[in-house]
Amino acid sequence: MAHGNRIHQLENIANRSPQHEGKWDALAAGEMSVSSSQSGTTYLVPVPVTLKAQLGSPTALAIGAFSTTLATLGLALMEFRGLTITNVFIGNFFFVAGIGMVISAQWELVLGNTYAYTVLSAFGFFYGGFGAIITPLFGVQAAYGTDTAAYNNALGFFVLSK
């Protein structure tokens, strides 16, 4: 009868019965004790804690980095409000999107999400590359001299490649 009682208790946990309602925080911590009202016995029920439950999801960081950087990139490429010099966005491209998304990608890989790892890595390196293109130290824009149309065409091909 003791074995049947344990099975009943485990079914109650699985069904989230009201008698165990306040114990879900303990369940998230990795173990839970269950008391039997019939026999007065307390059982310790081990609950496996997943790596994802411990680390959380990196998706919020990646989406935030992607959206803020994409918005500034779009406005800069449209020369919104007369913006022609984009050096102010270099930090955004290298650090917020570039490094932020690559770190998020590594975090996804640890969690076993290989598709998210691939996508976030590709976008992170794209933004890092775009930051390198607009960095005056690398001289990409200077190589085109006064031929703005050729620079814009080359930049368009780079953006379309992603």
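Every number here is computed from the coordinates shown, using simple stated rules; none is lab data. Just so it is clear, the model here is predicted, and its values are computed rather than measured. Don't worry about glycine lacking a Cβ; one is built from the backbone with ideal geometry, like all the others, and counts go over all protein chains shown.
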What are the equivalent ellipsoid semi-axes of segment 50-99, built from the alpha-carbon gyration tensor (square roots of five times its eigenvalues), in whole angstrom, biggest first?
31, 10, 5
Rg and Dmax of segment 53-160, Cα atoms only, in Å
15.5, 55
What ranking do 114-125, 68-79 get when scored by the average of other Cβ atoms within 10 Å per residue, highest first?
114-125, 68-79
Which order, highest average first, do 100-112, 144-156 follow once you tally other Cβ atoms within 10 Å for each residue and take the mean per peptide?
100-112, 144-156
